[in-house]
Ligand SMILES: C[S@@+](CC[C@H](N)C(=O)[O-])C[C@H]1O[C@@H](n2cnc3c(N)ncnc32)[C@H](O)[C@@H]1O
């Protein structure tokens, strides 16, 4: 009964409450576990015969979250480039890019100081670093990066327009912006409008909702086992429903019924701007 009431209460509260700075600060402090490095819903190819991403067995448990990064990073060649990730969370995506896609430098920036401290303790390495910063006022000089990546973070921002203007400012001419995130169907058109009216040129846009649903379904057993082991009982409902978003969760149901949609966009800053 208590679980039912908590579940209903959490459904009534705006999602924004769970994705606030305080929430990410709290989970980075409460769960400093090294093996949990990603906080996205994941990505799976729909074709069962598609070639499997070759990963170190130590990374296998986070395969689907890594595949979301691999998918979004496929929008540009990152080798030898200076890459910035905005909303780098617990650092697993930036660490994957640094190790497998060989940028010259990889920098992660996140609003949560606890998450950044965790990243610097667990992942920082030659050419890979993390710092605290706000997507809407990036702490970098103009034209500092060749590529900016943004994975499942922009739904937390006060102004996506300010963020896109900041991305344009910190990118070098000809640089790429590689983006992916989820929205309620009612605000998806607004997101598309924000992207297409930004100073960046839209190269490609793709709905990846079905790929995300498949990843959530494939991940269910691993996530539930982890939640049972690590999450206190009073937190299992919000964590299962919104953060892990396993099959049967509110988030999964929203994606399945079309209430929420997941979009990828590849964009570029024009040469000479
Ligand atoms: C759902 S998590 C995704 C993290 C990471 N991209 C991943 O896929 O694992 C969203 C992240 O965005 C960060 N974030 C939220 N608002 C932000 C802002 N205004 N500036 C920078 N980061 C922000 C949060 O602290 C959190 O780490």
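Normalising by the residue count of region 2-268, find the relative contact order in percent from Cα pairs under 8 Å and 6+ residues apart.
Working: 452 pairs, mean separation 52.0, N = 267.
Relative contact order for region 2-268 comes out at 19 percent.
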statement: For the chain, the longest principal axis of the Cα atoms and the Cα long axis of helix 209-230 enclose an angle in degrees, to the nearest 10, of 60 degrees
message: Can you classify region 2-268 as rounded, prolate or oblate using the Cα gyration tensor, where a ≥ b ≥ c are the square roots of its eigenvalues, rounded means a/c under 1.5, and otherwise it's prolate if a/b beats b/c and oblate if not?
response: rounded
- line: In degrees rounded to 10, the 0-90 angle between helix 63-73 Cα long axis and the longest Cα principal axis of the chain is 30 degrees
Relative exposure of 235, 39, judged by other C-beta atoms within 10 Å (fewest first): 235, 39
- prompt: To the nearest 0.05, what FRET efficiency results for residue 45 and residue 137 with a Förster distance of 45 Å applied to their C-beta separation?
  reply: 0.75
statement: Listed residues 166, 136, 34; largest mean-square fluctuation, Gaussian network over the chain with Cα springs below 10 Å, found at 34
- prompt: At what distance in nm do the modelled label points of residue 229 and residue 205 sit from each other, each positioned 7 Å from its Cα along Cα→Cβ?
  reply: 4.1 nm
- request: For region 15-97, just say rounded, prolate or oblate: build the C-alpha gyration tensor, square-root its eigenvalues into a ≥ b ≥ c, call rounded for a/c under 1.5, and beyond that prolate if a/b exceeds b/c, oblate if not.
  value: prolate
- prompt: How many nm separate the modelled label positions at residue 253 and residue 58, each set 7 Å beyond the Cα in the direction of the Cβ?
  reply: 4.0 nm
message: Per 0.36 nm of contour for each residue apart, how much would the distance between residue 165 and residue 34 grow if the chain were fully extended, relative to their Cα-Cα spacing?
response: 43.8 nm
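With 10 angstrom as the radius, rank 163, 242, 140, 177 by how many other C-beta atoms surround their C-beta, starting from the fewest.
140, 242, 163, 177
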- prompt: What is the spin-label model distance, in nm, from residue 186 to residue 22 if the labels are put 7 Å beyond Cα along the C-beta direction?
  reply: 2.4 nm
message: Give me 270, 25 sorted ascending by neighbouring Cβ count inside 10 Å, so fewest comes first.
response: 270, 25
message: Can you order the peptides 70-77, 107-114, 122-129 by their average number of other Cβ atoms within 10 Å per residue, highest first?
response: 107-114, 70-77, 122-129
message: Please state the shape class of region 109-242: rounded when a/c is under 1.5, otherwise prolate if a/b exceeds b/c and oblate if not, all from the C-alpha gyration tensor.
response: oblate
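Read-outs throughout are calculated quantities, based only on the coordinates presented, and are distinct from any laboratory measurement. These numbers were taken from a predicted model, which means no experiment stands behind them. Don't worry about glycine lacking a Cβ; one is built from the backbone with ideal geometry, like all the others, and counts go over all protein chains shown.
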